[in-house]
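Engineer: Got a structure for you, written out below as C-alpha cells; questions coming shortly.
The values are calculated or read from the model by the stated rules, or taken from the named source; none is laboratory data. The structure presented is a predicted model; accordingly, all values stated were derived computationally and were not measured. Ideal geometry is used to build each Cβ from the backbone, glycine not excepted, and the neighbour counts take in all protein chains shown.
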Amino acid sequence: MTRMVNCVKLGKEVEGLDSPTYPGDLGQRIFDGVSKEGWKAWVGHQTILMNEYRLTPINPKDRKFLEEEMEKFFFGDGGSAIDNFTPKDK
C-alpha cells in the first residue's frame, strides 16, 4: 500500500517516501512531511548547489551548509537561489 503524506513542498497529499532519506530529527521531519516528488526536487536543487559552489559531502562545512539549505528548502523560505543560474528548457 502506498504511504500518502501532506507534502510541505507541494502543498497537497501525494505519495510519501518509502524510507527515511536523511538521518536524525530533520530526516524524520522530511520522512513525515515530504513526498517522493518533493524529495526529487530537493535532489535537483542540491546538485545545482554542489556544482555551482563546488561543494563536497566529505567536507563538514559543506555538509552543514547543505543541511541548512535542505531545512530552508522544505520548511523555510525555499532555500538559496543561485546567482546567474538559468535552467535549460527540457
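Engineer: Residues being touching a Leu at 6+ places or on another chain (Cβ under 9 Å), at pLDDT below 80, under 21 Å from Tyr22 (Cβ atoms) and not hydroxyl-bearing (Ser, Thr, Tyr): count how many of those fall in the range 49-90.
Structural biologist: Result for the range 49-90: 1.
Engineer: Determine whether the range 38-59 contains at least one residue that is in contact with a strand residue (DSSP E or B) (Cβ under 6 Å, 6 or more places away or on another chain) and in contact (Cβ under 8 Å) with a residue 12 or more places away in the chain.
Structural biologist: yes
Engineer: Does the range 3-26 contain at least one residue that is part of a helix (DSSP H, G or I), in contact with a helix residue (DSSP H, G or I) (Cβ under 9 Å, 6 or more places away or on another chain) and surrounded by 13 or more Cβ atoms within 10 Å (Cβ to Cβ)?
Structural biologist: yes
Engineer: Which pairs do you get when a residue that is closer than 14 Å to Phe73 by Cβ, found in the range 6-19, comes within reach of a residue that is assigned to a loop (DSSP other than H, G, I, E, B) and modelled with pLDDT of 95 or more, reach meaning Cβ atoms under 9 angstrom, with the pair 6+ apart or on two chains?
Structural biologist: Final answer for the pair search is Cys7/Val34; Val8/Val34; Lys9/Val34; Leu10/Val34.
Engineer: With Glu67, Glu37, Glu52 as the choices, which residue is outside any loop (DSSP other than H, G, I, E, B), surrounded by 10 or more Cβ atoms within 10 Å (Cβ to Cβ) and more than 16 Å from the chain's Cα centre (by Cα)?
Structural biologist: Criteria check complete, one pass: Glu52.
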